[in-house]
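Input: a single structure, listed below in structure tokens.
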Amino acid sequence: INQPTKIAICLFASENDKTKEQVEKINSFELPFEIEFWLRNKKNQNQYNSFSQMVNEAIDDTDSEFMIFINPKTIFEKDDFLNIITKLCSGYCFVSLVGFCLFGSTKELFRNIGMMDERYIGSTLEDDDFCLRLNLFNKAVYYLHDKNYKKIDTILHHIY
């Protein structure tokens, strides 16, 4: 598959400051393709019923065939975007560098196996369901759980 000239980057941060920070960082990379941003903070700052609902909305709202999805807690670099797109063009239909926190796909995959299942309320198990469908349809997947995920301190962490 040829490298795309345009990709959608879907940012899942609901906070304006975090989204602005991520957009500025991505724009500084001078990537070799045009970027179509999908910004959750512009669409819905409230909580979605499910993670799947947010992913599906991003898919429906964008025009680009190639898509990269980014959780606000993920630390990313320019090479991550290039790596995802290169792997998608090399035959993988789903590429994850940090689980479902930094991943990419094409819309063709969703046309083939279906959208994310929105019945999983509260962001649990929809990633397992999706991975099972990837396996069921015998799709080539590149899936990592890399170290680039920043854990958010919790109140409990400070108590103990």
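The values are calculated or read from the model by the stated rules, or taken from the named source; none is laboratory data. Computed from a predicted model, the values in this text were never measured in an experiment. Positions of Cβ are generated from backbone atoms using ideal geometry, with glycine treated the same way; all protein chains shown enter the neighbour counts. The protein model used for the area step is the full one, side chains on, heavy atoms only, and it has no ligands, DNA or RNA in it. Shrake-Rupley method; radii C 1.70, N 1.55, O 1.52, S 1.80 Å.
Under 8 Å for C-alpha pairs, at least 6 residues apart: give me the relative contact order for the chain, rounded to a whole percent. For the chain, the relative contact order is 26 percent.
Ligands, DNA and RNA left out, the accessible area of the range 49-127 computed with a 1.4 Å probe is 46% carbon and sulfur. Across the range 1-62, the volume of the C-alpha convex hull divided among the residues equals 85 Å³ per residue.
Averaged per residue, the chain has 56 square angstrom of accessible surface, using a 1.4 angstrom probe with ligands and nucleic acids left out. When the listed pairs 87/139; 6/73; 87/107; 25/78; 6/78 are checked against a 18 Å cut-off, the alpha-carbon distance exceeds it for 6/73.
If you take the Cα centroid of the range 45-84 and the Cα centroid of the range 1-19, the two points sit 6 Å apart.
Placing +1 on the Cβ of every Lys and Arg and -1 on the Cβ of every Asp and Glu, with nothing else charged, gives the chain a dipole about its Cα centre of roughly 180 debye.
Rg and Dmax, both from the Cα atoms of the chain and both in Å, are 15.4, 52. Helical content of the chain, expressed as a calculated mean residue ellipticity at 222 nm, amounts to -11000 deg cm²/dmol (DSSP H runs of 4 or more residues, -39,500 (n - 2.57) each, divided by residue number, nearest 500). Residues 55, 141, ordered by accessible area of protein heavy atoms at a 1.4 angstrom probe radius and largest first, appear as 141, 55.
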